[in-house]
Structures are given as structure tokens and as C-alpha cells.
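The values are calculated or read from the model by the stated rules, or taken from the named source; none is laboratory data. Fair warning: this is a prediction, and the values are worked out from it, not measured in the lab. All Cβ positions, even for glycine, are placed from backbone atoms using ideal geometry, and neighbour counts span all protein chains on display. Heavy atoms of the whole protein, side chains included, go into the accessibility calculation; ligands, DNA and RNA do not. Shrake-Rupley method; radii C 1.70, N 1.55, O 1.52, S 1.80 Å.
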Amino acid sequence: MTHPDQHAAADTADPVGSTRLQPSSASQEDQLGQAGREDDPDTAPSGESRRRRRLRRAVVAGSFILVVALIAAVFLVPVNAVIEAPGPTWNVLDNGSSSDQDVLKVSGTETYPTEGALRMTTVSVSGCPGYPVTTADLIAAWISADKRIVDRDEVCPQDQNAEQVEETGKAQMTASQDSAVIAALVETGKAGAMHLTVTEVTEQQTSTEIQAGDVLETITPQGGQTTTLASFSQLRELMTTIPEGTRVTLGVRRGEQKASAALTTIAPQEGTTGSLLGLSLKISVDSPVEATFGLSDVGGPSAGMMFALGVVDEITPGSLTGGKDISGTGTIDMTGQVGPIGGIQQKMAGARESGSTFFLAPASNCNEVKGHEPKDMQVFAVNTLHEAVAATEAIASGDTSGLATCSAQ
């Protein structure tokens, strides 16, 4: 059998005359075919044909450039969005055994050995100044089950630059740590007298009698009784009973002197009752206990609850965790109230990747937790530091049957 290529290459006789076809490969002239030779006036293509050819080449070139530009835009051009992904976790009980610095160090009181892990969880954020994201990143985030796309203003307002975003995060972290220490001291009974110091008079408050640095000691609503202020939680509870627009007199300590200052209460936050003083307060307690934190590159307030649990474990006998690996998240205030945070699903995923099988979540985040609990991880809902301590003790004992979960909320 003859191979088709061999048959095409064979000489063929012309039965009519003596002309013989040559089996050579097609020359440039032959390749012109029916289009003709441009240097032959009888066979040269018309001007219209040449214009069409040039147009086709231009269209192809233009299409190629457009495709390249689109691909470059997908991978290089920043878009105005933020992507949240699981971030690293840190064991607040780690005293330098697995890292180059203490995450938490307590001094000023007797401390006790700890074991296991109390992990603060984080979210890795892309899309803020200095960390741009592209359309390709968004596509990858859409596909990923552990990533979330959020509006940028929820995380880093567009009127803030990279330095301002970082400073805000660090300030929130510092305030969270201060609150965590006080909450832990109150929880363990190691807090002395509490002091409420005015740091700022808000724009809503028009009184000029109160000053930054004043320490609140008493409060007397117009026509009411005088109350000696012993704690922030006491003041907060009292303010829920005082209507907006009430004239009150505050007894303060100003330096070494006692003074009084009058003001009119302002509207409370939406959804709450009573009124507010319109003052920013710094809460401190008399205690020799001090705590320092070694995470300088992490910002935000959401590690407060886990910091407080770490302090509680350090200053009380025995191991709070029983050697278990427990992660969690949640803001905290001086009274031990646990508040909601962002990125709860990403934090649970990060905890799973770190090896935790237990997670403590703010009860106020349960709507985001329910149905998204990682496989083989038990997630428990807490409202206060006291509940978080009780949940940790239950996990340590191996009996979690009485703990609240988000599924039951």
C-alpha cells in the first residue's frame, strides 16, 4: 500500500503534452495561489483585497492586545474590596516555649503552671492600604469556602491610609488588653478599688464643668439620691434608669481636691434605655498584678476574651484547660461582657487548621456560626468571661453536656 504522502510526491505524466509537474515543495510564489503575485499586474490582488487583508491583520492584533490587557487587569489592577481569610493563631499560654517572645506574661502576684492551649484567633485581611487585591484574588475568594469578601469600609475606611489603619488596630488591641486584665482580676477576686477617670468630653456633651482627668466618685440625679460609684458596671446599670435630659451632679476628685460638676445626660445608644453622661472613661483598679503582651504585629479588639482567660489561668491554681487545645474569640469590657467580632467563620477555620477541637464564640455571633462549624470541632456560645471560664473548665473535665451552643440559640 502506498502512503498518501508518497503518492503525492510521485511524478505524473501529462497525457496530452510533454509538460511535467515538478514534485518540489511549494514556493512563496506558489503559495500566493489564486491571490496572485503582487508584482504581476495580471495576477496581483486588487487594492480592496489588500485593504481587507490589512484590516484582518489589524483586527487580530487588536484582539490580541485587548486579551493581554484584560489578563493584566485581572492579575494586576487593584479593586475596591476586602478579602478575609483564616489567619494564624497564638496560644496565650505560650511562655516562649514555641516562639521567640511571650504572648502573655503576668507579674505582681503568684502565678501557676499552665498546660494545653488557649488560642487567640485572627483574620488575614487583604484589600486595605498596602495590601491590594485584584479581580483574580476575588475569583479565588469566591471559590474558597474559607474566605469572605466584605465591603472595604467595614474594615478600613477609605479616608484612612495604611499608617492610620495600623494605628487604629494597635489602639484597639491595647484597649482590649487593658480591659482583659481588669476583667480577669474582677473574675478572680484580685481587683481592688475601681477608679473611673474622665479622658474626654464627647461632642454631644455641652457641659464645661467636667474636665479630662476628673475621677468620678459620686452621682446625684436632680431630685434623686446620691450614689457612691464603686465600679463601672454599677454606673452603667444606674444610667439605664436615668432618662435622657436629666440634670445630674457628679462628685469628682480633681488632683488632690474634691469638686462637683453638673451636666445634662444625653441620648443612649440605639436599642438601649436610659441615658449617657457623654464622657469617655478610663477604668483602672488597685492591684499589684500587671500583664504584658508580646504580639506587636496584631491589631483589633477581638482577642480580649482569650487574653482574659489566659490571665485567669495564670493567676489561679491548676490548669484551666486540663491540657486541651481550645480556641476562641470575642471582645471584652472591664465588667467581663463578651462582645461580637468580625470574621468568625474564618477564625473557626484558622482554629481548625491549628489543631483545636474546641472553640468559644460570642453568643452574639451565633447567627454566623450556626451551620458553619468546622468538622469535628465543638463550638460553645458565651456571653461573659464567667461563662467562658465555666466552659473551659467543662471542656477540661470532659463533660460539656451542659454548655450552650449556637445551635441551641
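Of everything in the stretch 198-221, what is among the polar types (S, T, N, Q), farther than 17 Å from I283 by Cα and surrounded by 14 or more Cβ atoms within 10 Å (Cβ to Cβ)? Give them in sequence order.
Hits for the stretch 198-221 are Q205, S207, T220.
Among the listed residues V186, V198, which satisfies the condition of being closer than 30 Å to L235 by Cβ and outside any helix (DSSP H, G or I)?
After ruling out the rest, the residue left standing is V198.
Return yes or no: is T174 under 37 Å from the mean Cα position of the chain (by Cα) and assigned to a strand (DSSP E or B)?
No; evaluated as a whole, the condition is false for this residue.
Could you grab me the full set of residues in the stretch 325-335 that are surrounded by fewer than 24 Cβ atoms within 10 Å (Cβ to Cβ) and in contact with a Lys or Arg (Cβ under 8 Å, 6 or more places away or on another chain)?
D325, T335
Consider E200 carefully, then state whether it is touching a residue at least 60 places away in the same chain (Cβ under 8 Å) and closer than 28 Å to E368 by Cβ.
In short, no.
Quick one: in the stretch 243-271, of everything that is over 18 Å from G213 (Cβ atoms) and aliphatic (A, V, I, L, M), which residue is most open to solvent (accessible area, probe 1.4 Å)?
Of the residues in the stretch 243-271, the ones over 18 Å from G213 (Cβ atoms) are 243-249, 264-271.
Filter again for aliphatic (A, V, I, L, M), leaving 248, 266-267.
Working: V248: 1, I266: 30, A267: 50 Å².
Once the filter is applied, the top-ranked residue is A267.
I want to confirm something. Restricting to the stretch 222-237 and keeping residues that are more than 15 Å from G278 (Cβ to Cβ) and open to solvent by less than 50 Å² (accessible area, probe 1.4 Å), which single residue is farthest from the chain's Cα centre (by Cα)?
Here the residue is G224.
Residue check: is A136 of a type in the set (G, A, S) and surrounded by fewer than 13 Cβ atoms within 10 Å (Cβ to Cβ)?
Considered against the rule, which asks whether it is of a type in the set (G, A, S) and surrounded by fewer than 13 Cβ atoms within 10 Å (Cβ to Cβ), A136 comes out as no.
Against the definition (farther than 28 Å from R236 by Cβ, of a type in the set (G, A, S) and crowded, with 16+ Cβ neighbours inside 10 Å), how does A363 come out, yes or no?
no
What are the residues in the stretch 207-216 that are under 36 Å from the mean Cα position of the chain (by Cα) and part of a loop (DSSP other than H, G, I, E, B), if any?
Hits for the stretch 207-216 are Q211, A212, G213, D214.
Considering only the stretch 282-324, state which residues are among the acidic types (D, E) and surrounded by fewer than 17 Cβ atoms within 10 Å (Cβ to Cβ).
D286, E290, D297 - these are the residues of the stretch 282-324 that are among the acidic types (D, E) and surrounded by fewer than 17 Cβ atoms within 10 Å (Cβ to Cβ).
Conditions tested, residue by residue: (1) closer than 18 Å to P86 by Cβ; (2) among the acidic types (D, E).
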{"position": "G343", "(1), (2)": "yes, no"}
{"position": "F359", "(1), (2)": "yes, no"}
{"position": "C366", "(1), (2)": "no, no"}
{"position": "E373", "(1), (2)": "yes, yes"}
{"position": "V382", "(1), (2)": "no, no"}
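Can you tell me which of (1) at pLDDT 95 or above; (2) over 11 Å from C406 (Cβ atoms); (3) open to solvent by 40 Å² or more (accessible area, probe 1.4 Å); (4) not β-branched (V, I, T) is the one D376 doesn't meet?
So D376 meets the others, but not (1).
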